[in-house]
Structures are given as C-alpha cells and as structure tokens.
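Engineer: I'd like to ask some things about the structure below.
What follows is calculated from the coordinates using simple rules that are stated; it is not laboratory data. The shown structure was predicted, so the numbers you read here are calculated from the model rather than taken from an experiment. Note: ideal-geometry Cβ built from the backbone for every residue, glycine included; neighbour counts use all protein chains shown.
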Amino acid sequence: MKSKPVKVKASLFYKHNMRLNVMSSLLSTYARPGVSKINGVGMISVRNITKGTKIHKLKPIQGSWFPLEWAELHEVETNVVHMMQDYVCCSSQDPHDYVFVPKAPITEFSLGMLLNHSTDPNVEINEDNFVVASKDISVGEELTEDYLCICGKNYLEYNRLR
C-alpha cells in the first residue's frame, strides 16, 4: 500500500522562513546612524556589544582618485569635493591635492563610512574587512575608529586644518 504524500501549505513554510530571516537580521543589528557628539552623523550602538563581536562587514568602495584640477575642470561643487575628502581617506597621496570619485552614489556606501575618529576607539577593522568591537560597548555609545591606523597622519592633519 502506497502512502499518500504529506501536503504542507507552502505559505506556512514561507512565513516561517521569513520570520527566521527577519529574526536573524535583527539579531545581527548592532548599530544605526544617529547624531554624533563627535561630528555630524555617526554609528550609535542599539545594544550592548561584547569585545570581539563582528559588528558589520565593510563593502569595498569602487572608484578612482583624481587630482583636484580634474574636479575643478568638471565643475564638481566644492561641498561635494569636501564631502569625499571627509569620507574617504587618501593615505598614499596628499589629501589637499586629490579627490576620490566613487562609481556608486555615496548613499550606497557601507555604514562603516559613518565611523568617526577617536584616539580611544572602541572598534577596529580586521583583515577580513569586518568592524570588530575592540572593547565592550554600551547601548547608545558611538562606535569610533582610529583614523591614524587606516588613513595616516596626513589625512588627520588636513582635516584638522579645514
């Protein structure tokens, strides 16, 4: 005697799967953009984060460096040039002379772009491009990195002078 196949409603399976996906994404959310006490907008923790936690995977930024003359020739507004000089550090060249031109709009950048500088940071970027908590972080605390480790002294001096 042949047994009848069990029919499972696809919609119930789909709903259960969706709930698991939503729960997974909520459980891996550690911070959100918010008002920074340091500068403009920053990443603010929405939960307690334990040292060593991988908080966010940074997306590589695709684009090219151009001399400032290029931006002037193409009539790129000064505010846009300054924004890019704020968000993308130029460690190998003098930041006064170059601007990064991304292939995608800045709205598509990784949330890691909102990490502000601190000489006492609570996150670091590991070799796999994850933002990792370098110490315990409390709810409401801003996530910060040390730009000197990533961008170098020229970048910090340039932004201090502007």
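Engineer: Can you list residues from other chains, or at least 5 along the same chain, whose modelled amide H is less than 5 Å from the amide H of Gly63?
Structural biologist: Answer set, sorted by chain and number: Lys103.
Engineer: Of Lys57/Lys103; Lys51/Lys103; Lys103/Lys135, which sit over 28 Å apart, Cα to Cα?
Structural biologist: Those over the limit are Lys51/Lys103; Lys103/Lys135.
Engineer: Considering only DSSP states other than H, G, I, E and B, which chymotrypsin sites (Phe, Trp or Tyr not before Pro) in the range 49-129 qualify as loop sites with at most 14 other Cβ atoms within 10 Å?
Structural biologist: none
Engineer: Now for a separate question. Which cross-chain or sequence-distant (5 or more) residues have an amide H under 5 Å from the amide H of His56, H modelled 1.01 Å from N in plane?
Structural biologist: So His56 has HN proximity to Val131.
Engineer: Could I ask something else about it? Starting from the Cα-Cα distance between Asn79 and Met113, subtract it from 0.36 nm times their residue separation and give me the gain in nm to one decimal.
Structural biologist: 10.5 nm
Engineer: Among residues other than Pro121 whose Cβ falls under 9 Å from its Cβ, what is the net charge (Lys/Arg +1, Asp/Glu -1)?
Structural biologist: Charge balance in the 9 Å sphere: -3.
Engineer: How long is the gain from Thr29 to Ala104 if the chain were fully straight, where each residue apart is worth 0.36 nm and the alpha carbon distance is subtracted? Provide the component values of the computation, followed by the final result.
Structural biologist: Working: separation 75, 0.36 × 75 = 27.00 nm, distance 2.41 nm.
Once the chain is fully extended between Thr29 and Ala104, it gains 24.6 nm.
Engineer: Still on this structure, please answer the following. Setting aside same-chain residues fewer than 8 positions from Lys54, which aspartates and glutamates have a Cα under 16 Å from its Cα?
Structural biologist: Glu124, Glu127, Asp128, Asp136, Glu142, Glu145
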